[in-house]
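What follows is one structure encoded as structure tokens, with my remarks underneath.
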Amino acid sequence: MANSSERGLFSSRLGFLMAATGSAVGLGNIWGFPTNAAQNGGAAFLLLYLLLAFALAWPALMAELLIGRHTRANMVDALRTLAPGPVSRAVASVTGFAGLATASLILAFYAIIAGWMLGHLLAPILEMLGQQSLANWFATDSLELNLLLCLVFSLANLGIIVAGVTDGIEKWSTWLMPALVLLLVVMIVYVLNQPGAMDGVRHFLVPDLERLARPGLAVSAMGQAFFALSLGVGTMLVYGSYISNDANIPRLSAGVALIDTGISILAGLLILPALFIAQAQGVMITAADGSLIAGPDLIFQVLPQLFESMGDGGLVLAALFFGLLTIAALTSAISMLESPVAYAIENTRLQRRGATWLVASLIFAASVVIIVHFDRLFGLVVSLTTEYSQPLLGMMLCIFAGWLWQRHHLLQEIRNGFPDVENHLFWKIWPGYVKFVCPVLIGGVFLYSLR
Ligand code: TRP
């Protein structure tokens, strides 16, 4: 294993905050959350989501960060370090490798979607430059295009991870995250001033409580919360392993959870009004059964039609919008890649450059397989990784933090960077909370979903 002096370290708390919120804020927030909310009773979903994000995902996030900082290792070695005996060490290895595999598979499909965002970013820019036919090519679905865009995105991702923790992840996140927030706010101000926007706001913020009772809603809200905070697959654990010992993890993780949730809500204030503006302009926004159009069709058909109806200004808006999504996807994708790369660096003779090329090539190969067998594989991989694997792994991580980690080590780790923690309510609640409440809640929601 590479010794710890070769490991990276975030140079400041702000750097960590940018990197971790960069990981958390992604397509899950800007695309997944608003459409999920729109389909599941607006503010009713929002309330349930807030509850699960803070009661479940935030404590789990803290567990990952603390395990990472304590062990200063990738997910596999981190869990093995906590395990007291041979059986638990075997469980640690299985859990750790399942985490790496899940992170890799999530990245494999995420990079495909991110490629589409990139294509829709390039199309309006090319159109503004007068390259109409090229622009059309970039906006029309084809096998070659999907492969090309996924490759370009994967190379950008690789380039950042090769540069390492401070010069890659931290530096890029510190640039891209403020840019993302700025773009988001500019677009919201513009969109809210268009006719029809308030119908969208209403749809997002007025709770339809009937929907709340629907089975499966808790499962989607939990899945959404785990996905949004990048939990269960070692991403946050590895970022935690790059935090210095004088940083206050409970406080930092609260910052991450708050910013992440805030951006989801802001994204709702962008996407849903945009949808209803499109309707006011005559674009169909409901499917045949009367439900709101969601998923890829929403982003790649409804919104582009809206942008088109706005003339030249629409082109600028389209470029801004898909630029926003590309940035959000990139800062998330780097965090997914770092999880298996950290393992490869710490367990082979490869240096960061070689390890990154190896892992990124394998993941790109998986993307290619998914692209070629899209109809059969895409939905399957998404649901296996995000609905099953991620919550179960999140539960395992809570079990490791609560049951296998020696209690005095755990408490000592919380004290690092938070010397007067014993006077806070947090100290009395959290250790028991991750031990009992989190695993039971996650397991309960999961079992409920299997009925
Ligand atoms: N949280 C990101 C989003 O909302 C995606 C993400 C990054 C992720 N790293 C992850 C999801 C690890 C699951 C696991 O888009």
Identify the single condition in (1) at negative phi; (2) modelled with pLDDT under 95 that Leu237 does not satisfy, given that it satisfies every other one.
(2)
Within region 224-247, which residues are in a loop (DSSP other than H, G, I, E, B), within 7 Å of the ligand (Cβ to nearest atom) and of a type in the set (A, V, I, L, M)?
Leu229, Leu231, Val233
Matching residues in region 277-303 - criterion: being in a strand (DSSP E or B) and surrounded by 13 or more Cβ atoms within 10 Å (Cβ to Cβ)
Leu292
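Matching residues to (1) modelled with pLDDT under 95; (2) within 16 Å of the ligand (Cβ to nearest atom); (3) not polar (S, T, N, Q):
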| site | (1), (2), (3) |
| --- | --- |
| Val256 | no, yes, yes |
| Leu275 | yes, no, yes |
| Gln279 | yes, no, no |
| Ala287 | yes, no, yes |
Quick one: in region 402-424, which of the residues that are within 19 Å of Ala247 (Cα to Cα) and of a type in the set (A, V, I, L, M) is surrounded by the fewest Cβ atoms within 10 Å (Cβ to Cβ)?
Leu411
What number goes with the only condition from (1) at pLDDT below 95; (2) buried (at least 23 other Cβ atoms within 10 Å of the Cβ); (3) of a type in the set (A, V, I, L, M); (4) away from the ligand (no atom under 16 Å from the Cβ) that Leu51 does not pass?
(2)
Right, Thr356: within 16 Å of the ligand (Cβ to nearest atom), buried (at least 24 other Cβ atoms within 10 Å of the Cβ) and assigned to a helix (DSSP H, G or I) or not?
no
Only one of Leu324, Leu306 is assigned to a helix (DSSP H, G or I) and within 16 Å of the ligand (Cβ to nearest atom), namely Leu324
Sort through Asn146, Asn193 and tell me the only one that's more than 21 Å from the chain's Cα centre (by Cα) and modelled with pLDDT of 95 or more.
Asn146
Conditions (1) more than 16 Å from the ligand (Cβ to nearest atom); (2) assigned to a helix (DSSP H, G or I); (3) farther than 18 Å from Thr235 by Cα: number failed by Gly41
(2)
Of all helices (runs of 4 or more DSSP H) fully inside region 372-424, the set with 1 or more residues that are on the phi < 0 side of the Ramachandran plot, without any contact (Cβ under 8 Å) to a residue 40 or more places away in the chain and not hydroxyl-bearing (Ser, Thr, Tyr) is 374-383, 407-415
Failed item, numbered, when Glu144 is tested on (1) in contact (Cβ under 8 Å) with a residue 12 or more places away in the chain; (2) under 23 Å from Ala319 (Cα atoms)
(1)
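The values are calculated or read from the model by the stated rules, or taken from the named source; none is laboratory data. If you're wondering where the values come from, they're calculated on a predicted model, not measured in any experiment. Glycine gets a Cβ as well: all are built from the backbone with ideal geometry, and neighbour counts include every protein chain shown.
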